[in-house]
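Below is one structure; the comments refer to it alone.
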Amino acid sequence: MISKKFIKKTKKKGTLFWIEGFSGAGKTSISRVTAKILRKKISNLVLIQGNEMRSLLQLKGFSKKERISASNYSSELIKFLTNNGINVMYTVLCLNNRTRKIYKNKIDNFLQIYVDSSVNQIIKKNLKPQIYKLKKNIVGVDIKPDYPKKNNIVIKNNFSKKIKELGTNLAEEIIICCNNKL
């Protein structure tokens, strides 16, 4: 894992723990473990998965253009939550510079986490077959990913470690990265 210090810009606002990576990279599973651990340190943490957000806001379409457009709506909800002191752990496929920039411009406290994994390995392990069999509007297959460059934390998931270990390690990295000020 690689981590870089994070300093809250606005102390009264919540933090967005932005977790992105390919479909099947383990974002949701890892974040569930991480959130459970972090809730012992911070009481006002909600966990939202990208698909939950899409369903909640009734967002349609998966082309790159539609994904960017959807981000304008979902980022407003997350901005509302963080502006009201709620910490949000948000797992999202993203891998799109324009989308990431929308969130960074709206959210004062943005902690960027990248789950680094291989699409080929995900497909070979038959993870998310319902997604990868589509072969259309799939980030890493026909939509070129924009890999994040300025991550606070990078977690490598080559599927050799258990999810509980990866989630625990991520929670520890977040605490260290935030200098124990969660």
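Residues that are at pLDDT below 95, of a type in the set (Val, Ile, Thr), crowded, with 17+ Cβ neighbours inside 10 Å and not in a helix (DSSP H, G or I): does segment 18-29 have at least one?
no
Residues in segment 46-81 that are of a type in the set (Ser, Thr, Tyr) and more than 23 Å from SER29 (Cα to Cα): how many? Step through it out loud before you land on a result.
Step one: filter segment 46-81 for residues of a type in the set (Ser, Thr, Tyr), giving 55, 63, 69, 71, 73-75.
In the following step, the residues that additionally are more than 23 Å from SER29 (Cα to Cα) were identified as 63, 69, 73.
Qualifying residue count for the region: 3.
Looking at segment 78-99 only, could you name the residues that are of a type in the set (A, V, I, L, M, F, W, C) and modelled with pLDDT under 95? Outline the logic, then answer.
Within segment 78-99, the first condition is being of a type in the set (A, V, I, L, M, F, W, C), and the residues that meet it are 78, 80-81, 86, 88-89, 92-95.
Listed by number, the residues that qualify are VAL92, LEU93, CYS94, LEU95.
Name the residue that is farthest from THR15 (Cα to Cα), counting only residues in segment 79-107 that are among the aliphatic types (A, V, I, L, M) and in a helix (DSSP H, G or I).
Step one: list which residues in segment 79-107 are among the aliphatic types (A, V, I, L, M), which gives 81, 86, 88-89, 92-93, 95, 102, 107.
Now narrow it down to the ones that are in a helix (DSSP H, G or I): 81, 102.
Details: LEU81: 9, ILE102: 16 Å.
Once the filter is applied, the top-ranked residue is ILE102.
Kindly provide the set of residues from segment 42-74 that are surrounded by 13 or more Cβ atoms within 10 Å (Cβ to Cβ), within 17 Å of VAL139 (Cα to Cα) and small (Gly, Ala, Ser), ordered by number.
Answer for segment 42-74, where residues must be surrounded by 13 or more Cβ atoms within 10 Å (Cβ to Cβ), within 17 Å of VAL139 (Cα to Cα) and small (Gly, Ala, Ser): GLY50, SER69, ALA70, SER71.
Are any of the residues in segment 69-78 under 23 Å from VAL119 (Cα atoms), out of contact with any Cys (no Cβ under 9 Å at 6 or more places or on another chain) and either assigned to a helix (DSSP H, G or I) or touching a residue at least 24 places away in the same chain (Cβ under 8 Å) (or both)?
no
Tell me, yes or no, whether segment 75-90 has at least one residue that is touching a strand residue (DSSP E or B) at 6+ places or on another chain (Cβ under 7 Å), surrounded by 13 or more Cβ atoms within 10 Å (Cβ to Cβ) and among the aromatic types (Phe, Trp, Tyr).
Let us first name the residues in segment 75-90 that are touching a strand residue (DSSP E or B) at 6+ places or on another chain (Cβ under 7 Å), namely 78, 81-82, 86-90.
Next, from what is left, pick out any that are surrounded by 13 or more Cβ atoms within 10 Å (Cβ to Cβ): 78, 81-82, 86-90.
Among the residues that remain, those that are also among the aromatic types (Phe, Trp, Tyr) are: 90.
Yes - at least one qualifying residue is present in segment 75-90.
Confirm whether LEU170 is of a type in the set (A, V, I, L, M), within 28 Å of LYS8 (Cβ to Cβ) and touching a residue at least 40 places away in the same chain (Cβ under 8 Å). Lay out the reasoning, then the answer.
Numbers: of a type in the set (A, V, I, L, M): yes; within 28 Å of LYS8 (Cβ to Cβ): yes; touching a residue at least 40 places away in the same chain (Cβ under 8 Å): yes.
So LEU170 fits the description; yes.
Tally up the residues in segment 50-67 that are farther than 24 Å from GLY167 by Cβ, modelled with pLDDT of 80 or more and assigned to a helix (DSSP H, G or I), please. Give the derivation first.
Initially, segment 50-67 is screened for residues farther than 24 Å from GLY167 by Cβ, giving 57-67.
The next check asks that each one be modelled with pLDDT of 80 or more; those that pass are 58, 65-66.
Of the ones still in play, those that are also assigned to a helix (DSSP H, G or I) are 65-66.
Matching residues across segment 50-67 total 2.
Go through segment 141-167 and report how many residues are β-branched (Val, Ile, Thr) and either more than 16 Å from the chain's Cα centre (by Cα) or modelled with pLDDT under 90 (or both).
From segment 141-167, those β-branched (Val, Ile, Thr) are 141, 143, 153-155, 163; that's our starting set.
Subset that is either more than 16 Å from the chain's Cα centre (by Cα) or modelled with pLDDT under 90 (or both): 141, 143.
Total satisfying the criteria: 2.
The values are calculated or read from the model by the stated rules, or taken from the named source; none is laboratory data. Note that the structure is a prediction, hence the values are computed from the model and not measured. Every residue, glycine among them, receives a Cβ derived from its backbone with ideal geometry; neighbour counts consider all protein chains shown.
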